[in-house]
Amino acid sequence: MRWWDIDAVLELERDLFPEDAWSRGMFWSELAHSRGPEANRRYVVAESGSRIVGYAGLVATGDQADVQTIAVARERWGTGLGARLLAELLRAATAFECAEILLECRVDNVRAQKLYERFGFEPIGVRRGYYQPGNVDALVMRLTAPENSAQGTEING
């Protein structure tokens, strides 16, 4: 993901996450930490023609990584794009030498939970009222040894 992708990413973000969409500033901040020798983030986009149809991001701190976001355009649900984006994040976590990856997922997002479980993520707790303003709980999931789960097709990032 590059700065010029932010407008298209925001459009998708607002469609998919209307209550708790990230702001332009949040994406700018994340991208500011994804380049250079001190980079500890990896953000990627998936394109179909000239249109962004998915994006994902991860932050690494020490030997732990956190999936910050994964989003796929509604018309691409069920095509395997989410799995390819997640695989790219797992490869990034391996490159950052992370031993485990954590993520939060809305408790009502069963589709995403099933994707994460296919990659070996396991539920480890719940964060009450994590997603605001809707006050929706988050299921916390963890994956250890991400290098064993990072299978899939490479995408441009």
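Quick rundown of the values:
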item: Measure of compaction for segment 49-104 (Cα Rg per 2.2 N^0.38 Å); result: 1.20
item: R118/T61 FRET efficiency (R0 25 Å; Cβ-Cβ; nearest 0.05); result: 0.50
item: Residue-level accessible surface for W22, protein heavy atoms, 1.4 Å, Å²; result: 40 Å²
item: Where GluC sites (Glu not before Pro) fall in DSSP loop in segment 29-110, at most 16 other Cβ within 10 Å; result: E38, E97
item: Heavy-atom accessible area ranking, 1.4 Å probe, most first, across T61, T69, T94; result: T61, T94, T69
item: Under 10 Å, Cβ to Cβ, from A92 - net charge with Lys/Arg +1 and Asp/Glu -1; result: +2
item: Simple Cβ-charge dipole of the chain, Lys/Arg +1 and Asp/Glu -1, about Cα centre, in debye nearest 20; result: 220 debye
item: Accessible-area composition of segment 45-146, carbon plus sulfur, in percent [1.4 Å probe]; result: 45 percent
item: Chymotrypsin sites (Phe, Trp or Tyr not before Pro) within segment 64-122: DSSP coil, no more than 16 neighbouring Cβ in 10 Å; result: W77
item: Bridge type composition, the chain - antiparallel percent by DSSP, nearest 5; result: 90 percent
item: 222 nm mean residue ellipticity, helices alone, for the chain (DSSP H n ≥ 4; -39,500 (n - 2.57); rounded to 500); result: -8500 deg cm²/dmol
item: Surrounding net charge for V136, when Lys and Arg each add one and Asp and Glu each subtract one, Cβ distance under 11 Å; result: -2
item: Cα-only Debye scattering, the chain: base-10 log of I(q)/I(0) at q = 0.20 Å⁻¹; result: -1.48
item: For the chain, the longest site-free run once trypsin sites (Lys or Arg not before Pro) in DSSP loop states with at most 12 other Cβ atoms within 10 Å are removed; result: 36-157
item: For Q68, distant residues with modelled amide H under 5 Å away; result: G57, L58, V59
item: Mean accessible surface per residue for the chain, computed with a 1.4 Å probe while every protein chain stays in place, in Å²; result: 53 Å²
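The values are calculated or read from the model by the stated rules, or taken from the named source; none is laboratory data. These figures come from a predicted structure and were not determined experimentally. Because the Cβ atoms are built from the backbone with ideal geometry, glycine has one as well, and the counts that use them run over all protein chains shown. Calculation scope for accessible area: heavy atoms of the full protein, side chains included, ligands and nucleic acids excluded. Shrake-Rupley method; radii C 1.70, N 1.55, O 1.52, S 1.80 Å.
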